[in-house]
Structures are given as C-alpha cells and as structure tokens.
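Peer 1: A single structure is presented below for examination.
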Amino acid sequence: MTQTSRAVRIHANGGPEQLVIDNLSVGEPGPGEVRIRHHAIGLNFIDVYQRSGLYPNTMPLSLGMEGAGVIEAVGEGVTHLKVGDRAAYAANPPGSYCDLRVMPAMNVCQLPDAIDFETGAAMMLKGLTAMYLLKRCPPVEGLHPGDFVLFHAAAGGVGLIACQWAKALGLRLIGTAGSDDKCALAREHGAEFTINYRSEDFAARVKEITGGKGVKVVYDSVGKDTFDKSLDCLRSFGLMVSFGNASGPVAPFAPGILGPKGSLYVTRQTLFTHITSRERTQAMADELFAVVASGAVKIRIDQRFALTDVRAAHRSLEARQTTGCTILLP
C-alpha cells in the first residue's frame with residue numbers, strides 16, 4: 001500500500017528559504033525497515049549544518065534526525081518492533097521532518113509508556129548525545145564525583161539535559177550561555193556555576209572557579225568562537241571534546257600547542273559512531289529512558305512549531321533565540 005506524506009526537503013544548500021514541503025509517496029518497508037507515522041519531530045543544529053552545506057549531502061535532501069510516533073508496518077527480519085508500538089529514534093539517514101516515512105529499524109526503539117511522544121521526539125538525539133559525552137568520553141584520568149567540567153551552550157537542548165545528568169553523577173558543571181536569563185536557566189537545571197560569555201572572559205572565570213587548576217573536560221558544541229579559549233580552561237591531561245560547530249567550524253591548529261598547555265587531549269565526537277549496532281543503540285536508550293523516567297533528568301520543550309512553520313523554527317535556532325528543546329508537530 002502506497003501513502004502520501006508531507007516531507008520537508010531542500011533542493012539546494014542555503015538559508016531557511018530553501019526549506020520546502022514536498023508530497024512524497026511512502027510504500028511498504030523492506031527487510032530491516034519499519035514504517036513510522038510521526039506524532040512529533042525533533043529539531044537539532046545538525047539539521048542546520050545539513051541545510052547550509054557544512055555537512056554535504058546529495059540533493060534533494062529530506063531533513064531531520066529524530067522523531068517519535070507509532071509503527072505502522074514492519075519489514076522482514078525486524079524482531080524488536082511490531083505494528084502498533086510506540087517508538088522513538090535518533091538515526092541516519094535524515095528524513096524525520098515528515099508525516100510518515102520508511103526507515104532502517106536499527107536505531108528505532110520502543111518508547112516506554114511513561115514517556116509521551118513530544119518528550120520522546122525531543123530527547124533522543126540530544127539525550128543520547130549528553131549520555132555519551134558524560135559517560136563514554138572520559139578524560140584519561142577518569143571522571144569522578146566532585147570533578148569540574150565545562151559545558152558550552154548549557155541552556156540549549158543538549159546542555160540542559162547534561163546539566164541535570166552531570167549533577168546526578170556528582171559532577172560540578174560550569175555552564176556557559178549567551179545571556180543572564182540563559183545562565184539562570186542552566187543553574188535551575190543543575191549547573192553549579194554559570195558564565196555569560198558575552199559579558200565575562202569565560203577562561204579567566206573558569207580558572208577563578210577552580211582555584212587556578214582548570215577543568216578535566218570541556219564539552220563544546222559552539223566551535224570556532226570558543227575552541228581556543230576552551231583549551232586554556234583545561235587542567236593537565238584534560239580532554240577537549242568538540243561535538244558541534246554552532247558558530248562555525250574550528251580552524252586548523254598545530255598539535256604542538258597541546259604540549260605546553262598541559263599535554264592535552266582533543267577529540268571530535270559524533271553520536272552516530274556510538275550507535276552503529278542495534279545492541280549499542282538499545283543499551284544507550286535504556287540508560288536514557290531510565291534517567292528520564294526516574295525524574296533525575298527532565299526534558300524541557302520550550303518551542304513548538306507546526307511542520308509548515310519549519311523555516312521560522314530554523315531561523316530561531318540559528319539566531320540562538322531558543323532554549324531547551326524544540327519540536328515540530330505534523
């Protein structure tokens with residue numbers, strides 16, 4: 001049976017004006033695939049990178065990396081899902097900005113009844129990202145209760161989850177944000193200290209907070225504007241975790257600078273390296289579901305846009321006018 005679905009696509013890279021809604025035919029799932037009807041769709045900065053061309057893709061490109069809804073059909077070989085299951089995912093290939101899609105089943109997980117569709121759509125990519133950052137990217141000396149970490153964009157979707165999760169792990173999170181209101185929001189969600197990077201020198205303030213020692217880890221999704229100073233925030237043998245480019249890509253740098261700064265480590269991470277199998281995806285999702293169900297981490301959705309208002313949603317995200325998570329509603 002073939003059905004028609006609205007899908008947000010781009011036919012050329014560029015600004016939000018490139019986002020158009022096309023009507024696409026959606027058929028039956030093949031082996032290893034499912035058909036899912038979305039109830040809510042997550043918005044993420046990676047969507048902007050793909051739209052702009054920072055992350056190149058073949059055109060036309062359907063956008064969106066996470067969503068939640070109900071399984072309508074299951075292809076051969078899929079055993080962990082059945083028709084009627086509530087489900088959520090963060091997955092490649094992109095294409096969640098739609099009513100209905102056929103997609104690989106590997107990264108699609110059953111959504112616990114205690115978690116609603118909007119929360120499921122908002123939490124998967126951002127929550128799994130916070131999870132691997134805090135629990136699967138440890139510095140060489142490990143992370144232990146009482147350790148200082150620095151998290152940029154702490155009032156964003158990933159940031160607010162990370163603030164809460166870090167507090168639950170006993171870590172002392174220092175968060176940066178671009179306004180006093182955003183700093184207050186990060187503190188409300190578990191950041192012990194916050195720094196408004198528009199009015200303060202965050203590197204100097206980090207050294208002050210840590211008594212001159214620096215932090216064990218910096219988690220940086222901002223990129224160009226924060227990378228160099230972030231290295232100065234690290235203690236000896238500290239780890240710089242780059243996982244985004246909201247202000248633009250980091251410029252090339254000479255590895256030789258890492259020695260004098262304290263024999264530092266640098267890594268560039270992406271979620272999709274961490275979820276390359278059904279087993280790894282489910283194990284990480286189980287941890288995320290558990291921490292959300294326990295109440296230790298609450299998923300804050302501050303912006304909701306209709307699917308047809310996707311251009312406005314992208315403009316708000318790029319202008320850094322959003323806090324917490326943003327979702328699209330079909």
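The values are calculated or read from the model by the stated rules, or taken from the named source; none is laboratory data. Nothing here was measured: the structure is a model prediction, and the numbers come from that model. Cβ sites come from the backbone with ideal geometry, for glycine too, and all protein chains shown count toward neighbours.
Peer 1: For residues that are among the aliphatic types (A, V, I, L, M) and crowded, with 24+ Cβ neighbours inside 10 Å, scanning just segment 98-109, find the one that is farthest from I41 (Cα to Cα).
Peer 2: Once the filter is applied, the top-ranked residue is A105.
Peer 1: Please give the number of the condition L143 fails out of (1) aliphatic (A, V, I, L, M); (2) free of Cβ contacts under 8 Å to residues at least 40 places away in the same chain; (3) in a loop (DSSP other than H, G, I, E, B).
Peer 2: (2)
Peer 1: Of the conditions (1) surrounded by 22 or more Cβ atoms within 10 Å (Cβ to Cβ); (2) over 28 Å from A293 (Cβ atoms); (3) under 18 Å from the mean Cα position of the chain (by Cα); (4) not charged (D, E, K, R), A246 satisfies every one except a single condition; which number is it?
Peer 2: Going through the list (1) surrounded by 22 or more Cβ atoms within 10 Å (Cβ to Cβ); (2) over 28 Å from A293 (Cβ atoms); (3) under 18 Å from the mean Cα position of the chain (by Cα); (4) not charged (D, E, K, R), A246 breaks only (1).
Peer 1: Now for a different question. So, in segment 278-324, exactly how many residues are closer than 30 Å to R6 by Cα, basic (K, R) and either in contact with a Phe, Trp or Tyr (Cβ under 9 Å, 6 or more places away or on another chain) or not in a loop (DSSP other than H, G, I, E, B) (or both)?
Peer 2: Count: 4.
Peer 1: So which residues in segment 14-52 are in contact with a Ser or Thr (Cβ under 6 Å, 6 or more places away or on another chain) and of a type in the set (S, T, N, Q), if there are any at all?
Peer 2: Listed by number, the residues that qualify are N23, S25.
Peer 1: Determine, yes or no, whether E66 is under 24 Å from the mean Cα position of the chain (by Cα), loosely packed, with under 14 Cβ neighbours inside 10 Å, on the phi < 0 side of the Ramachandran plot and touching a residue at least 12 places away in the same chain (Cβ under 8 Å).
Peer 2: no
Peer 1: Restricting attention to segment 180-198, which residues are part of a loop (DSSP other than H, G, I, E, B), surrounded by fewer than 21 Cβ atoms within 10 Å (Cβ to Cβ) and at pLDDT 95 or above?
Peer 2: E192
Peer 1: Separate question: Going by the structure shown, is G157 touching a Cys at 6+ places or on another chain (Cβ under 8 Å) and at pLDDT below 95?
Peer 2: Spelling it out, G157 is indeed touching a Cys at 6+ places or on another chain (Cβ under 8 Å) and at pLDDT below 95.
Peer 1: If I filter segment 42-62 for residues that are at pLDDT 95 or above, in a strand (DSSP E or B) and among the basic types (K, R), do I get at least one hit?
Peer 2: No: zero hits.
Peer 1: Turning to a different aspect of this structure: Suppose we filter segment 207-227 for residues that are in a helix (DSSP H, G or I), touching a Phe, Trp or Tyr at 6+ places or on another chain (Cβ under 9 Å) and over 14 Å from T267 (Cα atoms); how many remain?
Peer 2: The qualifying residues number 1.
Peer 1: Output the number of the condition that T119 fails; it satisfies all remaining conditions of (1) touching a Pro at 6+ places or on another chain (Cβ under 7 Å); (2) assigned by TED's automatic domain parsing to the domain that holds A313.
Peer 2: Exception for T119: condition (1).
Peer 1: Right, G95: in contact (Cβ under 8 Å) with a residue 40 or more places away in the chain, in contact with an Asp or Glu (Cβ under 8 Å, 6 or more places away or on another chain), small (G, A, S) and buried (at least 20 other Cβ atoms within 10 Å of the Cβ) or not?
Peer 2: No: the conditions fail for G95.
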